[in-house]
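As structure tokens, the structure follows; a few thoughts come after it.
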Amino acid sequence: MGKLLAAIAFGLAVGVSGLAMAEPLKIGMITTLSGGGAGLGVDARDGFMLAIKKANDAEITVVTEDDAMKPEIAVQIADKMIQAEQVDVLTGIIWSNLAMAVVPNAVAQGKFYLSVNAGPSPLAGEKCNQNYFNVAYQNDNFHEAAGNYAQQQGIKKMFILAPNYPAGTDSLNGFKRYYKGELAGEVYTQLGQTDYAAEIAQIRASGADSVFFFLPGGMGIAFMKQYAQSGVGIPVMGPGFSFSQDVLPAIGDAAIGAKNTASWAPDLDNAASKAFVEAFKAEYNRLPSIYAAQAYDTANLLIAAKGKASVKDADAFRAALKAAEFDSVRGKFKFNTNNHPIQDFYVREVYKDGDGVLTNKIVGTSFTDHGDAYAEKCKM
């Protein structure tokens, strides 16, 4: 009898193990690894893969490809990953125009998509989907926090500018939602633009008290360098992307003292964040950016969900994602009804740390437990 029970137990163990091995989690990461936006994608990839490495789970596979910041390439990669690679989850897209090209089709095919960055308003509102989770923010959020900060500071006349693509529109809409002063100018630039002489001339002539700009990646570097050289002298502020860790070394000392808003900074005081910053520096020999932090959280959410449910059981896996039971670098973290975060947003200031590295420190809080403006349009 004892031998029979042992044999049954062994058979069950083998069956359970075999089932687990037959149901790995395969993740397709589509991100920008070349061109002017490469710094953002590299940081997102590195943050994501750091969490995967720390998890040491042989059943998790990540396939990574470069979208070159082009929607048509992102769509081709997504189709290949879904049809040929048979991934369970897609992630990694930085740019909102690429997300709008990829996400609706992916979730329509029953795949999960977890955003490490792009958060266009339609996907938070009328085009929300139960299989789409944004682990970063909704596009307007950082800009709303900046607008709220500008309003709190009593700034009377702002000049605002952003690129002409979905995140740029969301950016300025978000800023204006909370800033109620006068606009000295509102300008949309070309996506990928590198010459800002005309816009800087407009700023000079505008009579503005301050400038708010959202120009991520190489666009922001070009703008800030030209702005500093112009000697205009009007203070600048922006969302965290405008003064993110990936662009600060290239901007240089011209960024010191600039205020910006984000959901995280390297000095955020919680255990998960401190461990992340230390591990990222050890792995990559640089400080992490907000893009890396968001991607790290995204990977850890997936790892936590995998520990609770099989991705083959879509309902159970979806519920595990929604529960968000992981240690976020942002501290408290939960999803709103539209699968976008409810979180705190901080005011940061660019400074040089003790090692002479340009980075951000938290100097205030703009919002506590802040959601997004589109959740009520989501019919989930």
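Tell me, which residue of the stretch 301-357 that is assigned to a loop (DSSP other than H, G, I, E, B) and within 26 Å of A258 (Cα to Cα) is least open to solvent (accessible area, probe 1.4 Å)?
Top of the filtered list is V329.
Out of all the residues in the stretch 201-214, is one or more part of a loop (DSSP other than H, G, I, E, B), touching a helix residue (DSSP H, G or I) at 6+ places or on another chain (Cβ under 7 Å) and under 24 Å from G154 (Cα atoms)?
yes
Inspect all residues belonging to the stretch 248-262 and state whether any of them is hydroxyl-bearing (S, T, Y), assigned to a loop (DSSP other than H, G, I, E, B) and buried (at least 24 other Cβ atoms within 10 Å of the Cβ).
No.
Hey, I303 hits all of (1) within 13 Å of A136 (Cα to Cα); (2) in contact with a helix residue (DSSP H, G or I) (Cβ under 6 Å, 6 or more places away or on another chain) but one; which does it fall short on?
For I303, the failing item is (1).
Filter the stretch 125-183 for residues that are open to solvent by less than 50 Å² (accessible area, probe 1.4 Å), among the aromatic types (F, W, Y) and modelled with pLDDT of 95 or more; which is farthest from A323 (Cα to Cα)?
F159
Mind checking which residues of the stretch 230-247 are surrounded by fewer than 23 Cβ atoms within 10 Å (Cβ to Cβ) and either without any contact (Cβ under 8 Å) to a residue 24 or more places away in the chain or part of a helix (DSSP H, G or I) (or both)?
Across the stretch 230-247, the qualifying residues are S230, G231, G233.
Quick test for you: out of N131, N139, N148, pick the one residue that is touching a Gly at 6+ places or on another chain (Cβ under 9 Å) and touching a residue at least 60 places away in the same chain (Cβ under 8 Å). Lay out the reasoning, then the answer.
Working: N139 fails: touching a residue at least 60 places away in the same chain (Cβ under 8 Å); N148 fails: touching a Gly at 6+ places or on another chain (Cβ under 9 Å).
Testing whether each residue is touching a Gly at 6+ places or on another chain (Cβ under 9 Å) and touching a residue at least 60 places away in the same chain (Cβ under 8 Å) leaves just N131.
Being open to solvent by 40 Å² or more (accessible area, probe 1.4 Å), of a type outside the set (A, V, I, L, M, F, W, C) and farther than 14 Å from P24 by Cα is the filter here; which residues of the stretch 72-96 pass it?
Matches in the stretch 72-96: E72, Q76, D79, K80, Q83.
The values are calculated or read from the model by the stated rules, or taken from the named source; none is laboratory data. Note that this is a predicted model, so its numbers are computed, not measured. Quick reminder, even Gly has a Cβ in these numbers, built from the backbone with ideal geometry, and neighbours come from all protein chains shown. To get the accessible areas, we keep the full protein, side chains included, count just its heavy atoms, and leave off ligands, DNA and RNA. Shrake-Rupley method; radii C 1.70, N 1.55, O 1.52, S 1.80 Å.
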